[in-house]
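Student: There's a structure below that I have some questions on.
The values are calculated or read from the model by the stated rules, or taken from the named source; none is laboratory data. Source: prediction; values computed, not measured. In this analysis, Cβ positions are derived from the backbone assuming ideal geometry, glycine residues included, and neighbour counts consider all displayed protein chains. With ligands, DNA and RNA removed, areas are computed over all heavy atoms of the protein, side chains included. Shrake-Rupley method; radii C 1.70, N 1.55, O 1.52, S 1.80 Å.
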Amino acid sequence: MFESTGGVFSLISDSGPVVLFVLLVLLLFSVVSWTIILFKAGMIRKAMKQSADFLDYFFEVSSIDKVFAESERYRSASLARVFRAGYIEYRALSEKKDARLSTERISRAIKRESNAESRRLGRYVAFLATVGNTAPFIGLFGTVWGIMNSFQSIGQAQSASLATVAPGIAEALIATAAGLAAAIPAVIGFNYFSQQIALVERDLEDFSTEYVKSFVHELD
Amino acid sequence: MKKGDAAGEQRRLVTALVIALVLHAGVLGGLVYVQGLQPPEPEILTVSLVSLPGEGAQRPVESGAEGEPSVPDEPEVVDLSRSEPEPEPEAEKQQEPVEEPVPVTSPEPEPEPEPEEPSPAVEQHKQVPAESPEPERSVDTALNELQERVSRQKPTDLERALSRLQQKVKAGPPSGLYDRSSGPGRGGSGAVLSPYEQYLSQVVAIITQSWSFSGELLPRGQDIEAYVAITVVPDGDIADVTFDRRSSSMYFDETVRKALELASPLPPVPAEVATSSLRLGLIFTPRGIE
């Protein structure tokens, strides 16, 4: 408070090695979680938009061959990808005319692709939850450590004046601040992406049966 | 197609990483910039006698320092000398254009040992009683003079009261121990320090080093001064600490007491300074030791 006039950075430079390490870890966490947030935000937005466009086209056009040709344009759309997997399976079966077996195989292929799509969308998102849960604790650890050292040095200085106590505590609190700064966006991102991914998954589930029906109809 | 997807995904991931890094660098850079914009907080000062010669001893201290009641002594003196005497010359011009025949005598001894301007001001007041008892005056002039006397008497009383107060504040306990302008600075910049002054500055530096207090805990707007007499035995131990006058803050007194405890033992008293124990008077103010 007194001698430390350079603000946050002078506090950081005065910190001990453990607090510095904690700050470094938190900075890394923050960078990675922001990378994931930016990456996923673009990915999910694109997937949802293209899925909606693809669905429009799917209901407009009756021929599944045409839809398949068009689905090339919707590479990021989860619904289009699942449709393509179903179509490829349908093509492989087209010679065999066993409808019950064909339906089963097509549904299985679609189910498989839906799961893969869920996994693809949800990849890395778990890390956001990890950062959101652990970063405050890591920061707290840095703070506790810093305060411990600060009290030790107060004991050595044999003075409990504010001037002796305050800088150490301010240094230590930087770690908690950094932890919160890393955790808050991560938690917000995690909640948002979880909700969006859940929406896409529900769509996949809903339209899987629709696709199967259209393929079976084509087979008959 | 899958390969192309994976490559595209990787590219997007790297782009996101770069953006995230730039974002963090931007935030940290912004933080540095914002911190740089803030005016640097004034630091707590540690004033040492050695670097502060003579009567300017209190000046170099930034009076705006945070958490310090900045009540410098100087302005008070200026107040007295500037504001009080002002009405006088006017009054005198109106009433008494000729002053020559009156022998100027100052009947009472000057109450203030101030070396500065106030003393001429006081002298001017003293002329009044000397002028007034002149018999050949018209009633008007006499009346005027009376009024004048009355009007002059008031500021004089006020001034006396003020100067008494100021004297009290300045001189501290009636003891020769506390000489504000004493110490190494007395002889001006070029003077060679006497052994006593050298020792005193050494002692003050040591006490200043072991003295720490928080300006925020001191009452604001008050003049805080603690007059402390210490007895130093020849081997340097502080044998006795007496508060001749405590400051208005108990906290401040406590920090002073602790500083003296920490500073003991002081360096041994040189033989040319004192052979037996040495008694030193120190004035502790938030600005330093005087």
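Student: State which residue pairs qualify: first residue without any contact (Cβ under 8 Å) to a residue 12 or more places away in the chain and more than 14 Å from chain A (Cβ to nearest Cβ) and inside the stretch B:229-255, second residue part of a strand (DSSP E or B) and not basic (K, R) in any location, beta carbons under 6 Å apart, and separation of 6 or more residues or different chains.
Tutor: Short answer, once both residue conditions are applied: B:D240/B:T231.
Student: Next up: Does A:L101 qualify as being more than 30 Å from A:N191 (Cβ to Cβ), touching a residue at least 40 places away in the same chain (Cβ under 8 Å) and more than 25 Å from the chain's Cα centre (by Cα)?
Tutor: Spelling it out, it is not the case that A:L101 is more than 30 Å from A:N191 (Cβ to Cβ), touching a residue at least 40 places away in the same chain (Cβ under 8 Å) and more than 25 Å from the chain's Cα centre (by Cα).
Student: Same structure again: Would you tally the residues in the stretch B:2-38 being modelled with pLDDT under 80 and more than 9 Å from chain A (Cβ to nearest Cβ)?
Tutor: Here the count works out to 4.
Student: With the requirement that a residue be under 30 Å from B:S210 (Cα atoms), free of Cβ contacts under 8 Å to residues at least 12 places away in the same chain and part of a helix (DSSP H, G or I), what does the stretch A:160-205 give you?
Tutor: A:T164
Student: Right, next: Within the bounds of the stretch A:92-115, is there any residue that is modelled with pLDDT of 85 or more, open to solvent by less than 80 Å² (accessible area, probe 1.4 Å) and either within 14 Å of another protein chain (Cβ to nearest Cβ) or within 30 Å of A:A177 (Cβ to Cβ) (or both)?
Tutor: So far as the stretch A:92-115 goes, yes, one or more of its residues are modelled with pLDDT of 85 or more, open to solvent by less than 80 Å² (accessible area, probe 1.4 Å) and either within 14 Å of another protein chain (Cβ to nearest Cβ) or within 30 Å of A:A177 (Cβ to Cβ) (or both).
Student: Same structure, new question: Which pairs have Cβ atoms under 8 Å, sit 6 or more apart or on different chains, and link a residue in the stretch B:210-222 that is more than 11 Å from every other protein chain (Cβ to nearest Cβ) to one that is open to solvent by 20 Å² or more (accessible area, probe 1.4 Å) and among the small types (G, A, S)?
Tutor: B:P219/B:S248; B:Q222/B:S248
Student: I would also like to ask the following. Filter the stretch A:27-60 down to the residues that are free of Cβ contacts under 8 Å to residues at least 12 places away in the same chain and aromatic (F, W, Y) and list them by number.
Tutor: Result: A:F59, single match.
Student: Yes or no: the stretch A:5-26 includes at least one residue that is touching a residue at least 60 places away in the same chain (Cβ under 8 Å), facing chain B (nearest Cβ under 10 Å) and touching a Leu at 6+ places or on another chain (Cβ under 8 Å).
Tutor: Within the stretch A:5-26, one or more residues are touching a residue at least 60 places away in the same chain (Cβ under 8 Å), facing chain B (nearest Cβ under 10 Å) and touching a Leu at 6+ places or on another chain (Cβ under 8 Å).
Student: Oh, and also: With the stretch A:1-80 as the region, which helices (runs of 4 or more DSSP H) entirely inside it contain at least 2 residues that are farther than 14 Å from A:A178 by Cα and open to solvent by less than 40 Å² (accessible area, probe 1.4 Å)?
Tutor: Values: elements: A:8-14, A:17-60, A:64-71.
Per the criteria, A:17-60, A:64-71.
Student: Select from the stretch A:142-180 the residues that are aliphatic (A, V, I, L, M), under 28 Å from the mean Cα position of the chain (by Cα) and buried (at least 17 other Cβ atoms within 10 Å of the Cβ) and list them in ascending order. Show your work before the answer.
Tutor: Restricting attention to the stretch A:142-180, the residues satisfying the condition of being aliphatic (A, V, I, L, M) are A:144, A:147-148, A:154, A:157, A:160, A:162-163, A:165-166, A:169-170, A:172-175, A:177-178, A:180.
Checking the rest, the ones that are also under 28 Å from the mean Cα position of the chain (by Cα) come to A:174-175, A:177-178, A:180.
Within the stretch A:142-180, A:I174, A:A175, A:A178 qualify.
Student: Quick one: is B:L280 buried (at least 18 other Cβ atoms within 10 Å of the Cβ) and outside any strand (DSSP E or B)? Explain how you work it out, then say what you get.
Tutor: On the way: buried (at least 18 other Cβ atoms within 10 Å of the Cβ): yes; outside any strand (DSSP E or B): no.
When the stated conditions are applied, B:L280 does not pass them.
Student: Read through the list (1) open to solvent by less than 50 Å² (accessible area, probe 1.4 Å); (2) touching an Asp or Glu at 6+ places or on another chain (Cβ under 8 Å), then give the number of the only condition that B:R246 fails.
Tutor: Answer for B:R246: the failing condition is (1).
Student: Continuing with this model, one more query. Give the stretch B:204-238 a look and list any residue that's assigned to a helix (DSSP H, G or I), open to solvent by 20 Å² or more (accessible area, probe 1.4 Å) and among the polar types (S, T, N, Q), or say none.
Tutor: Within the stretch B:204-238, B:Q209 is the sole residue that qualifies.
Student: A follow-up question, please. What number of residues within the stretch A:181-197 are more than 20 Å from A:S13 (Cα to Cα) and surrounded by fewer than 22 Cβ atoms within 10 Å (Cβ to Cβ)?
Tutor: Total meeting the criteria: 10.
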